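Novice: Handing you a structure now.
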Amino acid sequence: YLRTLASISATMLPPLEPDVTAAGSAIMSPRFAIDIRAGCDALEPMALLVAGVFAAPVRWRLRLIGAAAGVGLLFVANIARIVGLFIAGVHAPRTFQFLHLDVGQALFVFLAVLIWLAWAMWAVRRSPELRHGDG
(Lines give C-alpha, C1' and ligand atoms only; values in the text may rest on other atoms or scores of the structure.)
Protein backbone atom coordinates (compact mmCIF):
# COMPACT_ATOMS: atom_id res chain seq x y z
CA TYR A 1 0.00 0.00 0.00
CA LEU A 2 2.80 2.43 0.86
CA ARG A 3 4.55 1.60 -2.41
CA THR A 4 1.31 2.32 -4.28
CA LEU A 5 1.01 5.71 -2.57
CA ALA A 6 4.62 6.53 -3.49
CA SER A 7 4.20 5.38 -7.08
CA ILE A 8 1.00 7.33 -7.70
CA SER A 9 2.36 10.43 -5.99
CA ALA A 10 5.58 10.29 -8.00
CA THR A 11 3.62 10.13 -11.26
CA MET A 12 1.77 13.31 -10.27
CA LEU A 13 4.92 15.32 -9.50
CA PRO A 14 6.83 15.80 -12.82
CA PRO A 15 4.83 18.86 -13.92
CA LEU A 16 5.75 20.47 -10.59
CA GLU A 17 9.14 18.88 -9.94
CA PRO A 18 11.01 17.14 -12.77
CA ASP A 19 13.25 14.10 -12.29
CA VAL A 20 11.08 12.49 -9.60
CA THR A 21 11.23 8.74 -9.09
CA ALA A 22 9.66 6.26 -6.72
CA ALA A 23 11.54 3.36 -5.20
CA GLY A 24 9.57 1.25 -2.77
CA SER A 25 7.80 3.64 -0.44
CA ALA A 26 10.23 6.51 -1.16
CA ILE A 27 9.83 9.44 -3.53
CA MET A 28 13.09 11.07 -4.64
CA SER A 29 14.40 13.88 -6.74
CA PRO A 30 17.82 15.51 -6.83
CA ARG A 31 16.43 18.24 -4.51
CA PHE A 32 14.37 16.31 -1.93
CA ALA A 33 13.26 12.85 -0.84
CA ILE A 34 10.59 11.44 1.45
CA ASP A 35 9.75 7.96 2.63
CA ILE A 36 6.06 7.23 3.15
CA ARG A 37 5.62 5.23 6.33
CA ALA A 38 2.80 3.83 8.42
CA GLY A 39 0.89 6.75 9.87
CA CYS A 40 1.32 8.77 6.66
CA ASP A 41 -1.05 6.47 4.83
CA ALA A 42 -4.37 7.96 6.04
CA LEU A 43 -5.49 4.55 7.29
CA GLU A 44 -6.49 5.85 10.73
CA PRO A 45 -8.80 8.58 9.36
CA MET A 46 -10.20 6.00 6.91
CA ALA A 47 -10.90 3.62 9.81
CA LEU A 48 -12.57 6.44 11.76
CA LEU A 49 -14.78 7.25 8.78
CA VAL A 50 -15.71 3.61 8.12
CA ALA A 51 -16.52 3.05 11.81
CA GLY A 52 -18.83 6.07 11.79
CA VAL A 53 -20.51 4.97 8.57
CA PHE A 54 -21.11 1.41 9.74
CA ALA A 55 -22.42 2.61 13.11
CA ALA A 56 -25.18 4.63 11.44
CA PRO A 57 -28.71 3.19 11.57
CA VAL A 58 -29.28 3.20 7.80
CA ARG A 59 -29.59 0.49 5.16
CA TRP A 60 -26.48 -1.57 4.37
CA ARG A 61 -26.43 -0.34 0.80
CA LEU A 62 -26.09 3.25 2.00
CA ARG A 63 -23.35 2.22 4.42
CA LEU A 64 -21.39 0.47 1.68
CA ILE A 65 -21.71 3.51 -0.59
CA GLY A 66 -20.56 5.80 2.23
CA ALA A 67 -17.59 3.64 3.16
CA ALA A 68 -16.40 3.19 -0.43
CA ALA A 69 -16.86 6.84 -1.40
CA GLY A 70 -15.32 8.12 1.83
CA VAL A 71 -12.28 5.88 1.63
CA GLY A 72 -11.84 6.85 -2.02
CA LEU A 73 -12.01 10.55 -1.20
CA LEU A 74 -9.51 10.18 1.63
CA PHE A 75 -7.18 8.17 -0.62
CA VAL A 76 -7.22 10.90 -3.28
CA ALA A 77 -6.79 13.61 -0.63
CA ASN A 78 -3.82 11.72 0.80
CA ILE A 79 -2.17 11.60 -2.63
CA ALA A 80 -2.66 15.37 -2.88
CA ARG A 81 -1.21 15.76 0.64
CA ILE A 82 1.88 13.70 -0.24
CA VAL A 83 2.42 15.70 -3.44
CA GLY A 84 1.98 18.95 -1.51
CA LEU A 85 4.40 17.84 1.19
CA PHE A 86 6.99 16.90 -1.41
CA ILE A 87 6.67 20.30 -3.08
CA ALA A 88 6.91 21.98 0.35
CA GLY A 89 10.05 19.95 1.05
CA VAL A 90 11.60 21.17 -2.20
CA HIS A 91 10.60 24.84 -1.97
CA ALA A 92 10.09 25.47 1.77
CA PRO A 93 11.95 22.76 3.68
CA ARG A 94 11.60 24.58 7.01
CA THR A 95 7.81 24.24 6.82
CA PHE A 96 7.82 20.52 5.92
CA GLN A 97 7.69 19.13 9.48
CA PHE A 98 5.03 21.64 10.56
CA LEU A 99 2.84 20.84 7.55
CA HIS A 100 3.42 17.11 7.89
CA LEU A 101 2.88 16.65 11.63
CA ASP A 102 0.84 19.60 12.86
CA VAL A 103 -1.37 20.49 9.92
CA GLY A 104 -1.65 17.21 8.02
CA GLN A 105 -2.66 14.96 10.90
CA ALA A 106 -5.37 17.25 12.26
CA LEU A 107 -6.60 18.14 8.79
CA PHE A 108 -7.14 14.50 7.87
CA VAL A 109 -9.13 13.70 10.99
CA PHE A 110 -11.22 16.83 10.35
CA LEU A 111 -11.67 15.82 6.70
CA ALA A 112 -12.82 12.33 7.72
CA VAL A 113 -15.42 13.87 10.04
CA LEU A 114 -16.60 16.28 7.32
CA ILE A 115 -16.95 13.47 4.81
CA TRP A 116 -18.88 11.42 7.36
CA LEU A 117 -21.16 14.36 8.13
CA ALA A 118 -21.88 14.97 4.43
CA TRP A 119 -22.57 11.26 3.94
CA ALA A 120 -24.82 11.11 7.03
CA MET A 121 -26.93 14.01 5.80
CA TRP A 122 -27.21 12.33 2.38
CA ALA A 123 -28.04 8.91 3.90
CA VAL A 124 -30.73 10.30 6.21
CA ARG A 125 -32.48 11.96 3.24
CA ARG A 126 -32.63 8.51 1.63
CA SER A 127 -33.92 6.83 4.79
CA PRO A 128 -37.56 7.85 5.32
CA GLU A 129 -37.73 5.82 8.53
CA LEU A 130 -35.21 8.22 10.12
CA ARG A 131 -36.82 11.51 9.12
CA HIS A 132 -38.97 13.32 11.67
CA GLY A 133 -41.77 15.76 11.11
CA ASP A 134 -42.82 14.55 7.66
CA GLY A 135 -46.46 14.67 8.39
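Novice: Just one of 72, 66, 133 is at pLDDT 95 or above, surrounded by fewer than 16 Cβ atoms within 10 Å (Cβ to Cβ) and not charged (D, E, K, R); which is it?
Specialist: Criteria check complete, one pass: 72.
Novice: Within the stretch 14-38, track down each residue that is out of contact with any Phe, Trp or Tyr (no Cβ under 7 Å at 6 or more places or on another chain) and either among the hydrophobic types (A, V, I, L, M, F, W, C) or in a strand (DSSP E or B) (or both).
Specialist: 16, 20, 21, 22, 23, 26, 28, 33, 35, 36, 38, listed by residue number.
Novice: If I filter the stretch 89-121 down to residues being in contact with a Leu (Cβ under 8 Å, 6 or more places away or on another chain) and at pLDDT 95 or above, which single residue comes out as least open to solvent (accessible area, probe 1.4 Å)?
Specialist: If we take residues in the stretch 89-121 being in contact with a Leu (Cβ under 8 Å, 6 or more places away or on another chain) and at pLDDT 95 or above, then 112 is least open to solvent (accessible area, probe 1.4 Å).
Novice: Could you list all residues from the stretch 1-32 that are in contact with a strand residue (DSSP E or B) (Cβ under 6 Å, 6 or more places away or on another chain) and surrounded by fewer than 18 Cβ atoms within 10 Å (Cβ to Cβ)?
Specialist: Across the stretch 1-32, the qualifying residues are 7, 21, 26, 28.
Novice: A further question follows. Sort out which residues of the stretch 39-63 are within 27 Å of residue 90 (Cα to Cα) and either open to solvent by less than 80 Å² (accessible area, probe 1.4 Å) or part of a strand (DSSP E or B) (or both), and write them in order of number.
Specialist: If the condition is that a residue be within 27 Å of residue 90 (Cα to Cα) and either open to solvent by less than 80 Å² (accessible area, probe 1.4 Å) or part of a strand (DSSP E or B) (or both), then 39, 40, 41, 42, 45 are the ones that fit.
Novice: Pick from 71, 124, 90: which is at negative phi, free of Cβ contacts under 8 Å to residues at least 40 places away in the same chain and not basic (Lys, Arg)?
Specialist: Testing whether each residue is at negative phi, free of Cβ contacts under 8 Å to residues at least 40 places away in the same chain and not basic (Lys, Arg) leaves just 71.
Novice: Taking interchain pairs and intrachain pairs at least six residues apart, which have beta carbon atoms under 7 angstrom, with the first residue in the stretch 43-68 and within 16 Å of residue 121 (Cβ to Cβ) and of a type in the set (Lys, Arg) and the second modelled with pLDDT under 95 and open to solvent by less than 10 Å² (accessible area, probe 1.4 Å)?
Specialist: 59/127
The values are calculated or read from the model by the stated rules, or taken from the named source; none is laboratory data. Keep in mind the model is a prediction, meaning the values are calculated, not measured. Note that we place each Cβ from the backbone using ideal geometry, even for glycine, and neighbour counts take in every protein chain shown. We work out accessible area using only protein heavy atoms, side chains counted, and drop any ligands, DNA or RNA first. Shrake-Rupley method; radii C 1.70, N 1.55, O 1.52, S 1.80 Å.
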